[in-house]
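First up is the structure itself, then whatever we jot down about it.
The values are calculated or read from the model by the stated rules, or taken from the named source; none is laboratory data. Nothing here was measured: the structure is a model prediction, and the numbers come from that model. Neighbour counts are summed over all protein chains in view; Cβ atoms, including those assigned to glycine, are modelled from backbone coordinates with ideal geometry. These accessible areas exclude ligands, DNA and RNA; they are computed on the full protein's heavy atoms, side chains included. Shrake-Rupley method; radii C 1.70, N 1.55, O 1.52, S 1.80 Å.
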Amino acid sequence: MRLGAAAGTAGRAAVRREPATGRTARPPPRGTVPDMADSRRADMRLTTPSFLVLGFIDQLGEASPYDVKVEAARTVAPFWSMPHAQVYAQCDRLVEAGLLSESRQTGGRNRRLLRLTPAGRAALAEWLADSSFVPVEARERSILKLWFGARPEVHSPVQIDEHRRTLAAYEELADEVGELLSRGQREALEFGIRYERMMVDFWQWVEQRGA
């Protein structure tokens, strides 16, 4: 991934960070009045979906909101889902904040093409370097059902089969294209493999407890 360092200080001061970082934009020197573009950047709160959009456009070099949507669905959806409408909304917000620039494709479909600005590259680089821990929010519906009294013998076989199916797909993907992935992409795929193995093991344990 290309991580430009241009305008690093200005980019870091231009936007507010996610709540997990606790960082805020520095106020302008006393007696100065920021222009409207600076005010919009200072007021924008960057979230993980913001960085997802910045990251994909950085990887692609230039992309339309549709390109970002397709790439997200093709790659990171198993561990970070993002509604299509949110992709388009984030693109609009990031353009308004000065983190993305936009142009129109000449000829053809006249697509809207987006690129990272120097401030956008600096914001993405800072986010990638930020090692702050954010607790994982698990949203496993079947486990919630267990909590409220669902029958394990009904849910366990379905969960085991589905997680085994996903595990097989991930392992096949690793065998077929694992060597073509970047280190980070391969590690993300490995996370998926290990997670599915854990879920198979968990539901087998649930099933055996009722035997």
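So the values come out like this:
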{"quantity": "Total residues in the stretch 188-211, condition under 19 Å from Val154 (Cβ atoms) and surrounded by 14 or more Cβ atoms within 10 Å (Cβ to Cβ)", "calculated": "7"}
{"quantity": "Residue match in the stretch 118-129 (condition: of a type in the set (Gly, Ala, Ser) and either modelled with pLDDT under 90 or exposed (fewer than 13 other Cβ atoms within 10 Å of the Cβ) (or both))", "calculated": "yes"}
{"quantity": "Pairs with Cβ under 6 Å, 6+ apart, first in the stretch 109-130 and closer than 15 Å to Glu96 by Cβ, second of a type in the set (D, E, K, R) and in a strand (DSSP E or B)", "calculated": "Arg112/Glu102; Leu114/Glu102"}
{"quantity": "Selection count, the stretch 53-82, where residues are open to solvent by less than 80 Å² (accessible area, probe 1.4 Å) and either outside any helix (DSSP H, G or I) or not acidic (Asp, Glu) (or both)", "calculated": "20"}
{"quantity": "Matching residues, the stretch 99-115, being open to solvent by less than 20 Å² (accessible area, probe 1.4 Å) and more than 16 Å from Tyr66 (Cα to Cα)", "calculated": "Leu99"}
{"quantity": "Conditions (1) aliphatic (A, V, I, L, M); (2) under 24 Å from Ala77 (Cβ atoms); (3) touching a residue at least 40 places away in the same chain (Cβ under 8 Å); (4) open to solvent by less than 60 Å² (accessible area, probe 1.4 Å); number of the one not met by Leu146", "calculated": "(2)"}
{"quantity": "Qualifying residue in the stretch 17-27 (condition: open to solvent by less than 20 Å² (accessible area, probe 1.4 Å) and modelled with pLDDT of 55 or more)", "calculated": "no"}
{"quantity": "Inter-residue pairs, beta-carbon under 6 Å, first on the phi < 0 side of the Ramachandran plot and modelled with pLDDT of 95 or more and in the stretch 176-202, second in a helix (DSSP H, G or I) and open to solvent by 70 Å² or more (accessible area, probe 1.4 Å), 6+ apart", "calculated": "Val200/Arg164"}
{"quantity": "Of all residues making up the stretch 65-92, the number that are within 15 Å of Leu124 (Cβ to Cβ) and either touching a Ser or Thr at 6+ places or on another chain (Cβ under 8 Å) or not hydrophobic (A, V, I, L, M, F, W, C) (or both)", "calculated": "1"}
